[in-house]
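*Asks:* Handing you a structure now.
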Amino acid sequence: MTETTPPNPRHRLSPLTCDAPGLRQSIRDALVRVVGKDPDLATPRDWLHAVSFAIRERIIERRVVTRRQFADEDVKRVYYLSMEYLIGRMLEANLRNMGILEVTQQALQDLGVDFREIARLEEDAALGNGGLGRLAACILESMATQGYPGYGYGIRYEYGMFQQHIEHFRQVEHPDNWLRFGNPWEFPRPEKTFPVRFYGYVVEHHQPDGETSCNWENGEEVLAMAYDYPTAGYERRNVNNLRLWAAKATRDFDLRYFNEGDYIRAVADKNESETISMVLYPNDATAIGKELRLKQEYFFVSASLQDIIDRHLQLEYPIDELADKAAIQLNDTHPAIAVAECMRLLLDEHRIPWDQAWTITRNLFSYTNHTLMPEALETWPVALMERVLPRHMGIIYRINHEFIEEVRHRFPGEHEFFRRLSIIDEDHGRRVRMAHLAVIGSHRVNGVAALHTSLLKQTLFADFNRVWPERFVNVTNGVTPRLWMIQANPGLTELIESRISSDWKFDLDRLKQFEPYASDDATREAFRAVKRRNKERLAALVHKRTGITIRSDVMYDVQIKRIHEYKRQLLKLLHVIELYQRIRDGEDVLPRVVLFAGKAAPGYQRAKDIIAVINEVADIVNHDPAMGDRLKCVFFPNYEVSSATIIIPAADLSEQISTAGFEASGTGNMKLALNGALTIGTLDGANIEIRDAVGTENIFIFGMTADEISAHRAQGIPPGAHLDSHPRLRSMVEALRDGFFSNGGRHLHAEIARYLLEEDPFFVLADYAAYSDACAQADRMYQDAEAWSEAALLNVARMSHFSIDRTVREYAQNIWNVVPEPVLPPCPEADTN
Ligand code: Z2T
C-alpha cells in the first residue's frame, strides 16, 4: 500500500532520502532555512537543531503513513493515559529506532560536526518522577516496535522534573526549563483544541420521557491544545504518537478584558489559567492534595477523552462500539477521573442511557496500580470535588450507589464490608477514593510484579477481590532493550552480536542463545573488557560532575533510584560506614566505589536529610588518606535518564534493598541485571522474579521477607535491640550519632541516628546483619573474576522475561484485546554513501 504511488496528487511528497548525501543536504538546508544560521557561524546547538529538524521531517512522514494504515485497517486502538512520561533525549533514540543512526553520524561527520558533541546538548524530556513515568515511555516505544496501534496521552509540562544541584552537601532544586531553546520534536497543533471546564454548577432538565438530563453550566473554561511527539518503533517504518496537552486561555478571556476594562488584570488572569500545565509535581509515591493537581488530572483526561471519542466518530464508528474500537489504560489513579468523565461525555454529550454508558465505560478502561504505600493513595475531599467538578461528583455518587446496591444484593447484611468498598471514605472527613473509582470502572486491574499483585489482592483490594476475583491480574514490568542495552551499552551489544544472531533485539527470548557463552573464557574476558570501558566512561562523567576521581579497576556498587525511606539508602550508607571503619582498623577490604544517585521530593525532609548525610559521609571517606583509594563514595547529582544510560552499563553490583513488601516492582533492577550487574536484594517486587530467572547462585538475596516483616512489626521490638546483631553495628550508629562524619550537619547526623534507633519504620537495623553478610558474600565472589563474570553473563542471558515487549504483549492479550498490525520494514534507503 505504501510502495505504490497514491493516485491522489496531494499525497505525493518530494523525495526525502535516508542516504548520507540526502541527509547531509537536509541538515544543511535546515541549518539555514529552519534554524536561520550561516553555517560558518553555527554553534553546536545550531547543528543539533538542524539535524533534529532534518530527522523530524522523516519521522513525521512515517507517522502520516502509519496513521493512514491504522485508519485503513479498522484497527482497535490502545490509549495510554499517564500524568508522566520520562523520555530522556530524543535524537539518538529516534535515529536508532528509525535505522538511520549510523548514516546520520556519517552525514554529520562529512559536515565536520561530531555527533556525540551535539547529542549531549539536548535536554532530557523529564516529564516524570521515576519508575512509573519511565515505564510509560518504555511501553510507548514497545507498542511502536511491535506494531500496536498505541497512543500516549499526557501533559506538556512547561517545567519537568527539577534539576538537582548539590550545594553544601544538600539538595537544591532548580527549575527544569527544558523548552527554552525550543523543541524540534514537537508538532504543535493549534487547531487541535478542546475546552475543559472547571467549577460551575449542574442544572437538571426533566425530559418528556421521564428521564432527567444534566447540564454542567457556567464555570471557567480552559483550552487544551495538542502537541504531538512521534515515537518511532525499532527498525520499523511505523511511528506512533504521544499527544501532550498544554493549557491555553479561551477566547472568553479575551472578551473579558475588553468588557471589564482592566486590561492588565485580565492578561494576568489569562496567564493564571495557563498555569495548569506549567509544572510537574515532583512527588513519587505520595499523593498531592492540591487543587491545582486535581485540575491537572482532569484537564488532560478530559481533553484526551474528547479526542478519543472524536477520532472514533470521525472514523464513522457508532458511539456504542467505543469499547470495541478502543482500550484505555489508566497509569495509576492519576487519570482515574476518566471513568466519571467518560460517563459524562456519553450521558450528557452523546445522550446515551446510563446502563449502556456504564457497560461501555467498564469495557473501555483498565487500571494499573503501582504502589501499596498508603500515603500514595489518592483521595480527594468531597467538598473540593463538588466545587471543582460538580457534575463528576454527581456521577460518582450514582456509580457508587449502583455498585453498593449490587454488593448489597450479593452479600446481604455485611455493612462494614459496604463501608470499606464504598468510593466515599466516610471516616476521614468524606473523601473520594480514586482507587475505588478506578477498580469499579475497569474490567481489569493489574499489579506490576507477582508479589505486588498478590499483596494487592490480600491487602489494598482484598474486599474488591472478594467481589470480582477475575478482575485482578498481574503484568510484571519490563524495560526496553533498545534504550537500556543497545543504546546504553554498545560494547556489550557488540559482544552479544559477535556470538549470536541479532534477532534478540526484537525478541529478547533469543538472548537465551547467549547463555552457553557464560562458560566461555574468551567471552568472559571480553565481557570484563567491556565493563572496564564502561567504568572509564562513567569515571570521566563522575569527575566532570563531582570533581571526584574514581578508579576503574574496582567494584562499582550502585544504588540509583528516588530517595525514599523504604528504599533504604541508609542501609547502604551504614555499609559504607562499616567498610570505612574496617579499613581504618587495618582490615583488608575489597576496593570499591559506592555510587548513589537519586532525587528527593522537595517537601520530603527526611529524604533530603538522607542526601545530606550521604554527602557528608562521602566527604570524610573520600578525603581520609587511610582509605588509600580502596573506598570512594559518590553521590552523583541530578540522576536522569541520560545519566542512567552511563551509570547502568558500568555497574557491577545492583542495590535493590527495599524493605520487603514496599517496592511494587522496580525496573532499575531489570536494567542493571540486563547490563551484567549482579543484584544484591531483598525478596521484594520483581527481585523475586529476577531471582527465579537468573538462579539463586547468581544473585545475593538477604533479609526479611514481606511476611517476616509483618510478623516482625507485630512483635514491636525496639530497633536499638538489633545493635548487637552485628559486631560493628553499634559503633557505626554511634559514630553517626556523635557526628564523626558531620561537616556542619552535626544535628542532622544525631537526628538520623535517633531515627534509626527509635523509629526505624523500614527495619534498617533489623536487616543490617543479613545485609552485611550478603555484601561480604558478593565481595568474595568478586575476587574470583571468572566466577563473577560467569554469573554476570548468566544474568544478561537470562533476562529475556523482563523485556517490555513481553509486558506489552501481556497487556494486549489479557487486558486490551488488541493485535499488532503487520509492521513496515525499516527505511530501505539507508545507505552510507
Ligand atoms: C512511581 O515511580 C512508582 C509508583 C508510584 O505509585 C508512583 C511513582 Cl511516581 C503511585 C513506581 C514504583 O515505586 C516502582 O516499584 C515500579 O517499578 C514503578 O512505579 C513502575 O511500575
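The values are calculated or read from the model by the stated rules, or taken from the named source; none is laboratory data. Computed from a prediction, not measured in an experiment: that's the story for all the values here. Here the Cβ is made from the backbone with ideal geometry for all residues, glycine too, and neighbour counts use every protein chain on show.
Residue-by-condition table, conditions (1) closer than 24 Å to D332 by Cβ; (2) of a type outside the set (A, V, I, L, M, F, W, C):
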{"position": "A247", "(1), (2)": "yes, no"}
{"position": "I264", "(1), (2)": "no, no"}
{"position": "M278", "(1), (2)": "yes, no"}
{"position": "G289", "(1), (2)": "yes, yes"}
{"position": "F299", "(1), (2)": "yes, no"}
{"position": "Q314", "(1), (2)": "no, yes"}
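*Asks:* Moving on to the next point. Can you name the strands (runs of 3 or more DSSP E) wholly within the range 379-498 that have at least 2 residues being modelled with pLDDT under 95, surrounded by 15 or more Cβ atoms within 10 Å (Cβ to Cβ) and in the same structural domain as T145 (by TED's automatic domain parsing)?
*Replies:* Result: empty, no element qualifies.
*Asks:* For the range 655-686, name all the residues that are more than 12 Å from the ligand (Cβ to nearest atom) and over 18 Å from G447 (Cβ atoms).
*Replies:* Those that are more than 12 Å from the ligand (Cβ to nearest atom) and over 18 Å from G447 (Cβ atoms): E655, I657, L672, A673, L674, N675, G676, A677, L678, T679, I680, G681.
*Asks:* In the set I577, I548, which member is modelled with pLDDT of 95 or more, assigned to a helix (DSSP H, G or I) and away from the ligand (no atom under 16 Å from the Cβ)?
*Replies:* Unique residue meeting the criteria: I577.
*Asks:* Here is a list: A650, A626, A677. Which entry is surrounded by 24 or more Cβ atoms within 10 Å (Cβ to Cβ) and in contact with a Lys or Arg (Cβ under 7 Å, 6 or more places away or on another chain)?
*Replies:* So the residue among A650, A626, A677 that is surrounded by 24 or more Cβ atoms within 10 Å (Cβ to Cβ) and in contact with a Lys or Arg (Cβ under 7 Å, 6 or more places away or on another chain) is A650.
*Asks:* Any idea which residue in the range 350-378 is farthest from the ligand (Cβ to nearest atom), counting only those that are of a type in the set (S, T, N, Q) and touching a residue at least 40 places away in the same chain (Cβ under 8 Å)?
*Replies:* Taking the candidates together, the pick is N363.
*Asks:* Hey, could you check the range 266-296 for residues that are out of contact with any helix residue (DSSP H, G or I) (no Cβ under 9 Å at 6 or more places or on another chain) and in a helix (DSSP H, G or I) and say which is farthest from the ligand (Cβ to nearest atom)?
*Replies:* Out of the qualifying residues, it is A268.
*Asks:* For the structure I just gave you, tell me whether V634 is out of contact with any Gly (no Cβ under 9 Å at 6 or more places or on another chain), at pLDDT 95 or above and farther than 25 Å from D284 by Cα.
*Replies:* It is false that V634 is out of contact with any Gly (no Cβ under 9 Å at 6 or more places or on another chain), at pLDDT 95 or above and farther than 25 Å from D284 by Cα.
*Asks:* Continuing with this model, one more query. So, restricting to helices (runs of 4 or more DSSP H) that lie completely within the range 703-768, which ones have at least 2 residues that are modelled with pLDDT of 95 or more and basic (K, R)?
*Replies:* 729-737
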